[in-house]
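One structure is given here, and the rest of the page talks about it.
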Amino acid sequence: MSFLEWAESQLAEIELLTSMFPSVEELELTDQLALAELRDFVQDSASADRPPPSRPQFLIKQKLDSASSETEVILSCAYPSEYPSVLPEITVRCSGLSRAQQTQLQAHLNAHLMENCQGEVCVLTAVDWVKDNTQLFINTSSLAAVAPKKESASPRPQEVFSRLWIYSHHIYNKSKRKNILEWSKELDLSGFSMPGKPGIVCVEGPQSACEEFWSRVKVLTWKKIMIRHREDIPLDRQGEDSRTVESIDSLRKFTGFEEAMFDPHGNRGNHMDLGQLYQFLNEKGCCDVFQMYFGIEGR
């Protein structure tokens, strides 16, 4: 598929969602300009060979009724340029769950979408799954508060290895650069960050750790930040008790996490040599991502 075909699918899904959730209490478009740019992009017949200039992001808010209270669940959604050929970025927040339980719910949702929705628009599928399953996690939380802990008999979610390619308009701030290095180390993620303009971050490791890293980074103050591309690789547990840490490590393209500089130049020393960046990516076996970032083939 082309960028234009992907954009047409995205726009059609947004129009369906706005018809199903007409009020801002149900669906909130957090970037109206991005939606307008997506419409213009679809109407431009010369759009097929380049990604849209920005991407829509929106919140879907659902109320879950239980016997004792009403709980709000919010799905924060964003489209990668290649969606629906790749999964959307969906983060679930629920006031009735702890942070650890939300991470577990997120992992179950991601596994469900990966198994059932590859190549298809799937935000409504995600909404329905969350409505059907969140209460189970809330009930488990309530039982855990009054009962001694037992080993769970439910099947463990499928483990997934992820690699996120994050794009920022720029990364200058020393505090942000320090956070990126410290959080990647804390979460045992490998990859690299390239400060300057533009700023690039790649993190790889267990999907839950990558999602946690992204949830922390994206709420910092940025002019523009997005996941430009993501790779999700399921680790098949069938026939094995588990896949060890070495299974994830064998998929890593980077050893540890580093801040990478490529001959900084310009008046503020904030521009990197993109040729050197391409060579760096090529050595790591990731040169294809260069065109996803910059729209041109590297050399």
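The values are calculated or read from the model by the stated rules, or taken from the named source; none is laboratory data. Values in this document were obtained by computation on a predicted structure and should not be read as measured data. Cβ sites come from the backbone with ideal geometry, for glycine too, and all protein chains shown count toward neighbours.
Looking at Val92, Val121, Val42, Val86, just one residue is touching a Lys or Arg at 6+ places or on another chain (Cβ under 8 Å), modelled with pLDDT of 85 or more and aliphatic (A, V, I, L, M), and that residue is Val86. Applying the set (1) of a type outside the set (S, T, N, Q); (2) surrounded by fewer than 17 Cβ atoms within 10 Å (Cβ to Cβ); (3) at pLDDT 85 or above to Leu136 leaves exactly one unmet item: (3). Being in the same structural domain as Ile60 (by TED's automatic domain parsing), modelled with pLDDT under 90 and outside any loop (DSSP other than H, G, I, E, B): is that true of Ala126 here? Against the criterion (in the same structural domain as Ile60 (by TED's automatic domain parsing), modelled with pLDDT under 90 and outside any loop (DSSP other than H, G, I, E, B)), Ala126 does not qualify.
On inspection, Ala111 passes the criterion of being modelled with pLDDT of 85 or more, out of contact with any Cys (no Cβ under 7 Å at 6 or more places or on another chain) and among the small types (Gly, Ala, Ser). A residue that is in a helix (DSSP H, G or I), within 27 Å of Arg50 (Cβ to Cβ) and either modelled with pLDDT of 90 or more or among the hydrophobic types (A, V, I, L, M, F, W, C) (or both) occurs nowhere in the range 98-108. Listed by position, the helices (runs of 4 or more DSSP H) enclosed by the range 180-299 that each have at least 2 residues that are touching a Cys at 6+ places or on another chain (Cβ under 9 Å), at pLDDT 85 or above and not assigned by TED's automatic domain parsing to the domain that holds Pro56 are 274-283.
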